[in-house]
1. Has the stretch 114-129 got any residue that is under 25 Å from T90 (Cβ atoms), part of a helix (DSSP H, G or I) and touching a Gly at 6+ places or on another chain (Cβ under 7 Å)?
2. Can you say whether A169 is outside any helix (DSSP H, G or I), touching a Leu at 6+ places or on another chain (Cβ under 8 Å) and closer than 21 Å to V97 by Cβ, as far as the supplied structure shows?
3. I'd like to know if the stretch 1-9 contains one or more residues that are under 21 Å from G103 (Cα atoms), under 21 Å from the mean Cα position of the chain (by Cα) and surrounded by fewer than 17 Cβ atoms within 10 Å (Cβ to Cβ).
4. So which helices (runs of 4 or more DSSP H) stay within the stretch 1-96 end to end and still have 3 or more residues that are closer than 17 Å to Y108 by Cβ and in contact with a helix residue (DSSP H, G or I) (Cβ under 8 Å, 6 or more places away or on another chain)?
5. Taking the conditions exactly as written (modelled with pLDDT under 80 and either farther than 20 Å from G193 by Cα or surrounded by fewer than 24 Cβ atoms within 10 Å (Cβ to Cβ) (or both)), does A86 satisfy them or not?
6. Hey, could you check the stretch 19-38 for residues that are over 19 Å from S81 (Cα atoms) and open to solvent by 30 Å² or more (accessible area, probe 1.4 Å) and say which is farthest from the chain's Cα centre (by Cα)?
7. Would you mention how many residues in the stretch 124-152 are of a type in the set (K, R) and touching a helix residue (DSSP H, G or I) at 6+ places or on another chain (Cβ under 9 Å)?
Amino acid sequence: MENKRVLSLLGLALRGGNLAVGEEPVEAAARAKDARVLLLAADAAENTRRRAEHFALAGQCLWLRTPFTKEELGMALGRTSVALAAVTDTGLASAVVHRLAEGDPARYAEAAARAKDARVLLLAADAADNTRRRAEHFAQAGQCIWIRAPFTKAELGRAMGRTSVALAAVTDVGLANAVVRRMAELDPVRYGGAAAQLEVKARRAAERRAERLAHEKNVRRGKRKRAGPREKAPAGASSAGSEKKPVPARKAGSRPGENKRPGPGARANPYARSHPVKKGKGSFRK
């Protein structure tokens with residue numbers, strides 16, 4: 001089910017002009033720093049994988065090996081076969097990685113963390129020390145928390161349909177909060193701090209969701225924020241310095257610049273009271 005959603009998202013990105021298909025368009029999008037995530041087919045050749053890694057390094061983006069074959073990607077994108085594609089929209093790239101992490105959290109935990117979709121990373125109790133260091137690095141890159149779960153790799157793998165799982169990422173705030181809260185009930189000393197942090201994040205996410213829904217509702221109804229009534233200034237509140245001075249009236253027949261007097265030290269203009277001369281025939285001296 002999750003695979004069909006990912007393929008439908010890719011088709012939507014292609015119709016919206018947010019997907020580059022093929023090695024040359026992907027290379028152009030990556031070098032222009034427009035690519036957000038590179039998607040590699042599951043049965044792509046080794047040289048295609050090396051090129052995808054090189055493109056991702058040049059474009060400073062992620063690259064993932066998807067669970068789809070070249071024929072499956074081509075069928076979803078209207079091609080015979082597709083080995084490499086690039087999503088250029090940030091929201092669609094985040095949604096694709098989110099769907100992939102939901103379908104296979106053990107495989108795409110790092111990608112979800114780097115795309116900042118992961119809410120909590122779960123590390124198996126018997127995971128190796130290098131896996132713990134990678135989980136810590138992923139959590140720092142994705143700005144999320146990581147905890148060592150009280151389950152072994154075999155227990156996590158049995159719950160997720162795998163042989164063994166050492167690291168997994170929960171990408172939904174509500175589910176992450178529920179999981180860590182259950183773990184805090186079993187061991188409040190060990191998981192109490194993580195549960196409190198996720199409780200705050202879940203509450204903020206719910207508030208943002210409610211504000212977004214209310215805003216969308218107001219936009220559909222055409223409502224706008226009403227301007228509040230202006231406060232009138234009390235009588236006599238203006239100071240004496242802020243009062244406007246009365247402008248003296250000009251004399252009849254005088255011009256605007258006639259009443260102005262030069263300041264001290266300024267040179268008087270000898271032509272201040274002169275009238276303009278209309279030049280005409282014979283007005284110049286021979």
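The values are calculated or read from the model by the stated rules, or taken from the named source; none is laboratory data. Since the model is a prediction, treat every value here as computed from it, not as a measurement. Ideal geometry is used to build each Cβ from the backbone, glycine not excepted, and the neighbour counts take in all protein chains shown. These accessible areas exclude ligands, DNA and RNA; they are computed on the full protein's heavy atoms, side chains included. Shrake-Rupley method; radii C 1.70, N 1.55, O 1.52, S 1.80 Å.
1. Going through the stretch 114-129, the residues under 25 Å from T90 (Cβ atoms) turn out to be 114-121.
If we keep only those that are part of a helix (DSSP H, G or I) too, we end up with 114.
Subset that is touching a Gly at 6+ places or on another chain (Cβ under 7 Å): 114.
So far as the stretch 114-129 goes, yes, one or more of its residues are under 25 Å from T90 (Cβ atoms), part of a helix (DSSP H, G or I) and touching a Gly at 6+ places or on another chain (Cβ under 7 Å).
2. On the way: outside any helix (DSSP H, G or I): yes; touching a Leu at 6+ places or on another chain (Cβ under 8 Å): yes; closer than 21 Å to V97 by Cβ: yes.
Yes.
3. Let us first name the residues in the stretch 1-9 that are under 21 Å from G103 (Cα atoms), namely 1-9.
Retained after the next criterion (residues that are under 21 Å from the mean Cα position of the chain (by Cα)): 6, 9.
In the following step, the residues that additionally are surrounded by fewer than 17 Cβ atoms within 10 Å (Cβ to Cβ) were identified as none.
The answer is no, given that none of the residues of the stretch 1-9 is under 21 Å from G103 (Cα atoms), under 21 Å from the mean Cα position of the chain (by Cα) and surrounded by fewer than 17 Cβ atoms within 10 Å (Cβ to Cβ).
4. Details: elements: 2-15, 23-31, 46-59, 70-76.
Fully inside the stretch 1-96 and qualifying: 2-15.
5. Values: modelled with pLDDT under 80: no; either farther than 20 Å from G193 by Cα or surrounded by fewer than 24 Cβ atoms within 10 Å (Cβ to Cβ) (or both): yes.
No: the conditions fail for A86.
6. A28
7. Result for the stretch 124-152: 2.
One line per residue, one yes/no per condition, for (1) of a type outside the set (K, R); (2) in contact with a helix residue (DSSP H, G or I) (Cβ under 7 Å, 6 or more places away or on another chain); (3) at pLDDT below 85; (4) open to solvent by 20 Å² or more (accessible area, probe 1.4 Å):
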position: A154; (1), (2), (3), (4): yes, no, no, yes
position: G161; (1), (2), (3), (4): yes, no, yes, yes
position: E185; (1), (2), (3), (4): yes, no, no, yes
position: A195; (1), (2), (3), (4): yes, yes, yes, no
